[in-house]
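Asker: Here it is, the structure in full.
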Amino acid sequence: MGEVKASLQGLRRNLLQKDYLGKLTGDSDAGIYLFYSFDLVNSTVFKTQYKNDWPSVIQKFYELVRRKIQTTHEKTRVWKYIGDEVLFYKRVSSIAELYLAPNFCIETIETVTSQLYASYKFTKKKLFIKGTVWIANVHEQGENNSSETEQNIVFQVDGIKGERNKDFLGPQIDLGFRLSKFAQKGKVLVSSELAYLLYLKGREIKNSNAIDISRKYDVDGCLKIVGFETLKGIWSERRYPIIWYFNNWQEIEKSFDYDEHISSNIVANIIDNEIKDISVIEKIVEDIGVNGEVHNILQVIEETKEEDPKENSKIEYFIPSDKMAEVHCVAVCFDGEGKILLGQRSSKKAVLPNVWEFGCGQLKLDQDFTKCIGDSYLEDFGAKLEFGKYLRPIATYEFKKDERTVPGVMFLAKVTNASEVNELYSTSQHERLTWFDPNSLPFINENEYVDKFKKNVELAIKAFKEHFN
């Protein structure tokens, strides 16, 4: 009888799953959702010391995280703000989107930390950011489902300006909140379900052409199990693996404070080399019996219809990437001694790897040139810019992108915090920075620099003397 009952339950589950998959081809909000959490670390102590500054700092944190995650990971929406934490959601239509999520998350942490320090110097080494990323198999409110994987629901709520937004309830939703306390500053915590999917599919995605080469990483090398914890209401309260994403485990100990192992058992485990390879996750999910649920997630993603970008724009908090203007903005940035800020592009970049460049921003529909350049250079270099009495253009340029010609405009700027950028720049964008001395211009190897580098430097030097002196 037990076997018959189990077979009937399995058949019912399969029928429900097929019905669920069928709904995904319509206008249903059901599907696999990716969730991000970004949380300020040490905020309680900071608020006590900087009561008057706290409101502007937290507002800046919200703004920076929102802009970075939404312009980097397309169609990601703000879910809610909870105190010192901001959460996002994204309906997933490909495995590649899951693969990219942990790396995008750590890039966001690094970039926003640099920007926050650049905007408020007194936050440096006092405030930090941690991240959590997880997934959930979500149904619409009102669906008659009873299995544990089908108890996660999405429903519409009133958003800003009377628009409709989404909210979520369910055990897989709550998982992220329970996990986030085990994240650590500067690290990304990844749920076991997501980690298992990445373990199954990561190598396949990395070896494919599904994503840009600069975004590829080694799942086995970046994901590690750093501990096991009991989470209320999760896995019948059996020990849940705590998995971190970090892109340089050989240097992990350098990322901790000298006494962090005292306050954190996880850090103590890492220092004692008590971490496990991500391959262990396969046995864990089989022992717990959730491997079938994870494979259902794969099936749902394959059947999911990508959301209509026109519908997305009705409820976004930002200008969707498919409506961004294809205009690029470059600033030739001088310091007080007349040297020029340059960044060396990553060796992993598909286009112009290792080349020295001035930096660049892409104009959005809600920006003027000044805001585009100011935001982009603060994000990429931690550089605060001034433009004199007006924004001075010095040249135009264009480049090929796919089969299109994209225009660009080059401007003049002065860095007001030149002594700080070497500590604040985003390593995800540039491997190194330098302050280029124009006196060495005749002796350079032009192949190591962006196109027309000499000509544009000469134009910039002349314009700088006229505009700022």
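The values are calculated or read from the model by the stated rules, or taken from the named source; none is laboratory data. Not measured: the values here are computed from a predicted model. We place every Cβ from the backbone using ideal geometry, glycine too, and count neighbours over all the protein chains shown. Calculation scope for accessible area: heavy atoms of the full protein, side chains included, ligands and nucleic acids excluded. Shrake-Rupley method; radii C 1.70, N 1.55, O 1.52, S 1.80 Å.
Asker: Does Ala183 satisfy the condition of being more than 17 Å from Tyr33 (Cα to Cα) and touching a Lys or Arg at 6+ places or on another chain (Cβ under 6 Å)?
Answerer: Numbers: more than 17 Å from Tyr33 (Cα to Cα): yes; touching a Lys or Arg at 6+ places or on another chain (Cβ under 6 Å): yes.
Spelling it out, Ala183 is indeed more than 17 Å from Tyr33 (Cα to Cα) and touching a Lys or Arg at 6+ places or on another chain (Cβ under 6 Å).
Asker: OK, next. Filter the stretch 262-279 down to the residues that are assigned to a helix (DSSP H, G or I), open to solvent by 50 Å² or more (accessible area, probe 1.4 Å) and of a type in the set (Val, Ile, Thr), then identify the one that is nearest to Val219 (Cα to Cα).
Answerer: Ranking the candidates gives Ile271 first.
Asker: Next question, about the same structure. Only one of Ile225, Ile213 is open to solvent by 30 Å² or more (accessible area, probe 1.4 Å), closer than 24 Å to Glu110 by Cβ and in contact (Cβ under 8 Å) with a residue 12 or more places away in the chain. Can you tell me which? Full working, then the answer.
Answerer: On the way: Ile225 fails: open to solvent by 30 Å² or more (accessible area, probe 1.4 Å).
Going through Ile225, Ile213 in turn, the sole match is Ile213.
Asker: Still on this structure, please answer the following. Somewhere in the stretch 450-461, is a residue buried (at least 19 other Cβ atoms within 10 Å of the Cβ) and part of a strand (DSSP E or B)?
Answerer: No: zero hits.
Asker: Additional query: Condition first: over 26 Å from the mean Cα position of the chain (by Cα) and either within 21 Å of Ile129 (Cα to Cα) or buried (at least 17 other Cβ atoms within 10 Å of the Cβ) (or both). Now tell me which residues in the stretch 235-261 satisfy that.
Answerer: Trp235, Tyr258, Asp259, His261
Asker: Which one is farthest from Glu431 (Cα to Cα), of the residues in the stretch 345-366 that are open to solvent by 30 Å² or more (accessible area, probe 1.4 Å) and free of Cβ contacts under 8 Å to residues at least 40 places away in the same chain?
Answerer: Step by step, filter the stretch 345-366, then rank; the result is Gln362.
Asker: Do you know which of the residues in the stretch 34-74 that are touching a helix residue (DSSP H, G or I) at 6+ places or on another chain (Cβ under 6 Å) and basic (Lys, Arg) is surrounded by the most Cβ atoms within 10 Å (Cβ to Cβ)?
Answerer: Lys68
Asker: Output yes when any residue across the stretch 113-121 is within 17 Å of Glu74 (Cα to Cα) and either within 14 Å of the chain's Cα centre (by Cα) or of a type in the set (Phe, Trp, Tyr) (or both), and no when none is. Please lay out each step first, then the result.
Answerer: So the first thing to find is which residues in the stretch 113-121 are within 17 Å of Glu74 (Cα to Cα), and the list is none.
No, every residue in the stretch 113-121 fails to be within 17 Å of Glu74 (Cα to Cα) and either within 14 Å of the chain's Cα centre (by Cα) or of a type in the set (Phe, Trp, Tyr) (or both).
Asker: For the stretch 413-469: of the residues being closer than 30 Å to Glu107 by Cβ and hydroxyl-bearing (Ser, Thr, Tyr), which is modelled with the lowest pLDDT?
Answerer: This residue is Ser428.
Asker: Given the criteria over 27 Å from Asn103 (Cβ atoms), over 28 Å from the mean Cα position of the chain (by Cα) and either not in a strand (DSSP E or B) or not hydrophobic (A, V, I, L, M, F, W, C) (or both), does Leu412 qualify?
Answerer: no
One line per residue, one yes/no per condition, for (1) open to solvent by 20 Å² or more (accessible area, probe 1.4 Å); (2) touching a Lys or Arg at 6+ places or on another chain (Cβ under 8 Å); (3) assigned to a helix (DSSP H, G or I):
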| site | (1), (2), (3) |
| --- | --- |
| Ser93 | yes, yes, no |
| Glu110 | yes, no, yes |
| Tyr117 | yes, yes, yes |
| Lys125 | yes, no, no |
| Gly131 | no, yes, no |
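Asker: Mind listing whichever residues of the stretch 390-409 are part of a strand (DSSP E or B) and either open to solvent by less than 100 Å² (accessible area, probe 1.4 Å) or in contact (Cβ under 8 Å) with a residue 60 or more places away in the chain (or both)?
Answerer: Scanning the stretch 390-409 gives Pro393, Ile394, Ala395, Tyr397, Phe399, Lys401, Arg404, Thr405, Val406, Pro407, Gly408, Val409.
Asker: Please indicate, with yes or no, whether at least one residue in the stretch 287-297 is modelled with pLDDT of 90 or more and charged (D, E, K, R).
Answerer: Scanning the stretch 287-297 turns up at least one residue that is modelled with pLDDT of 90 or more and charged (D, E, K, R).
Asker: Right, Val300: part of a helix (DSSP H, G or I), modelled with pLDDT of 75 or more and open to solvent by less than 50 Å² (accessible area, probe 1.4 Å) or not?
Answerer: It is true that Val300 is part of a helix (DSSP H, G or I), modelled with pLDDT of 75 or more and open to solvent by less than 50 Å² (accessible area, probe 1.4 Å).
Asker: Let me ask something additional. Every residue in the stretch 442-469 that is farther than 16 Å from Glu357 by Cβ and among the charged types (D, E, K, R), please.
Answerer: Glu458, Lys462, Lys465, Glu466, listed by residue number.
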